[in-house]
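Everything below concerns the one structure shown next.
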Amino acid sequence: MHIDAYRLEKAPEIDVLDWDTLIADPKNIIVLEWPENIAEAVPKDAIRITLTGTGGTRTISYGKENGEGE
């Protein structure tokens, strides 16, 4: 599932998607753009993938908030 949170301003706005049910199901893969807009709703153990690009260089990093896997 892909969710673009760009236009969301606070974490409770994601509840309209039944967010707690979505994140509770371990079979769900959720790709969340702009997670900083709803940071309080993102589980602490979520795996974060960050894509950055400057000039002709692209970098992909991933891991958990606690730094595991980077």
Compare ILE23, ILE60, ILE47 in a GNM of the chain, Cα atoms joined below 10 Å, and give the one with the largest fluctuation. ILE60
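How much mean residue ellipticity at 222 nm does the chain get from its helices, if each DSSP H run of length 4 or more adds -39500 (n - 2.57) and you divide by all residues, to the nearest 500 deg cm²/dmol? Could the numbers behind the result be given before it?
Working: 1 runs with 6 residues, N = 70.
That calculation yields -2000 deg cm²/dmol at 222 nm.
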The chain: relative contact order from alpha carbon pairs under 8 Å, six or more residues apart, as a whole percent, is 29 percent
How much FRET efficiency would the formula 1/(1 + (r/R0)^6) give for ILE49 and LEU22, where r is the Cβ-Cβ distance and R0 is 22 Å, rounded to 0.05? 0.80
Enter the accessible area per residue of the chain (Å², integer; probe 1.4 Å; all protein chains in place). 82 Å²
Mind listing P(r) for the chain? All alpha-carbon pairs, 5 Å bins, whole percents. 3, 14, 24, 25, 18, 10, 4, 2
At a 1.4 Å probe radius, carbon and sulfur cover how many percent of the accessible area of the chain? 54 percent
Unit charges at the beta carbon, dipole of region 4-59: most positive-side option, LEU51, THR21, ASN37: LEU51
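The values are calculated or read from the model by the stated rules, or taken from the named source; none is laboratory data. Worth saying up front: this structure is predicted, and the values here are computed from it rather than measured. Every residue, glycine among them, receives a Cβ derived from its backbone with ideal geometry; neighbour counts consider all protein chains shown. In case anyone asks, the SASA skips ligands and DNA or RNA and just uses the protein heavy atoms, side chains included. Shrake-Rupley method; radii C 1.70, N 1.55, O 1.52, S 1.80 Å.
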